[in-house]
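Before any comments, here is the structure.
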Amino acid sequence: MALFREETAEVAPEDLRAFVAGPKSYVLRGRIVTMNDAHDVIPDGYVCIKDDLIKEVGPWSGGVPAPFSGVPIIVTGGTIYPGLIELHNHPAYNFIPMWTAPRRFDNRGIWRKDKGYIRWVSNTDYLLCNHPNATYPKAVVRYVECRALLGGVTTTQGVRYQTDKEVTKYFEGLVRNVEFPFKKWPIADDYINDFNSPAEAEANVGPGPHVREALHYPPMRRYRRQYARTFR
């Protein structure tokens, strides 16, 4: 679960408080799925971590590399995967049930003005993420980060568009937010291209079916139809 450091210091058990405050170095032991080109899986291995960075990965043979001798070893009893990186998301919306579109819309500029979308999505998000009682935006962050972690996501983005919202400053849990990173991690940004024609899209990102996945469809209906024909 995502823990806020100041709250954890007050209510967590002693051993958990010590861990959140940070061992700077520790080792995770378990079954490791490397996701390398050879699709290697280490049945019993270790992941050595120092200062929030992975330093060593290897098979367990009774010990760990010398620099990690004596550091805490956490036996997970499970499978360790590399964390997934969300390429495009808006975390603060992820506590809202999926909205059922009542009809087909020609472009995103139209459905965002739909009365049902405004009522069930936009207004819900605004009320809780901007609530004057900090318990509400904090609860939103806890929930969406836990949801991401349970799905294997450890790095996310999509909060920058909400910089005027109270909820933004609470995204400092267990999920790395690349737009507002914890400590001194590098800041990243995202950008989804909008083009006015298939020709302009291909000139910028190259021809092929990937164009359909890499950009927002233009709002003009004629180009929307032309994309569908060209990249079907």
Taking the stretch 159-176, which residues are more than 24 Å from Gly78 (Cα to Cα), at pLDDT 75 or above and outside any helix (DSSP H, G or I)? Phe171
Limited to the stretch 182-204, what total is found for residues that are at pLDDT below 70, closer than 17 Å to Leu87 by Cβ and within 17 Å of the chain's Cα centre (by Cα)? 4
Return a yes/no flag: does the stretch 123-140 have any residue that is of a type in the set (A, V, I, L, M, F, W, C), more than 18 Å from the chain's Cα centre (by Cα) and surrounded by fewer than 16 Cβ atoms within 10 Å (Cβ to Cβ). yes
Considering only strands (runs of 3 or more DSSP E) fully contained in the stretch 36-145, which possess at least 1 residues that are farther than 26 Å from Glu172 by Cα and free of Cβ contacts under 8 Å to residues at least 40 places away in the same chain? 41-50, 53-59
Sole residue being surrounded by fewer than 16 Cβ atoms within 10 Å (Cβ to Cβ) and at positive phi, chosen from Gly70, Gly63: Gly70
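The values are calculated or read from the model by the stated rules, or taken from the named source; none is laboratory data. This one's a predicted model, so the numbers in the text were calculated from it and none came from an experiment. For neighbour counting, all protein chains shown are included, and Cβ atoms are generated from backbone atoms with ideal geometry for every residue, glycine included.
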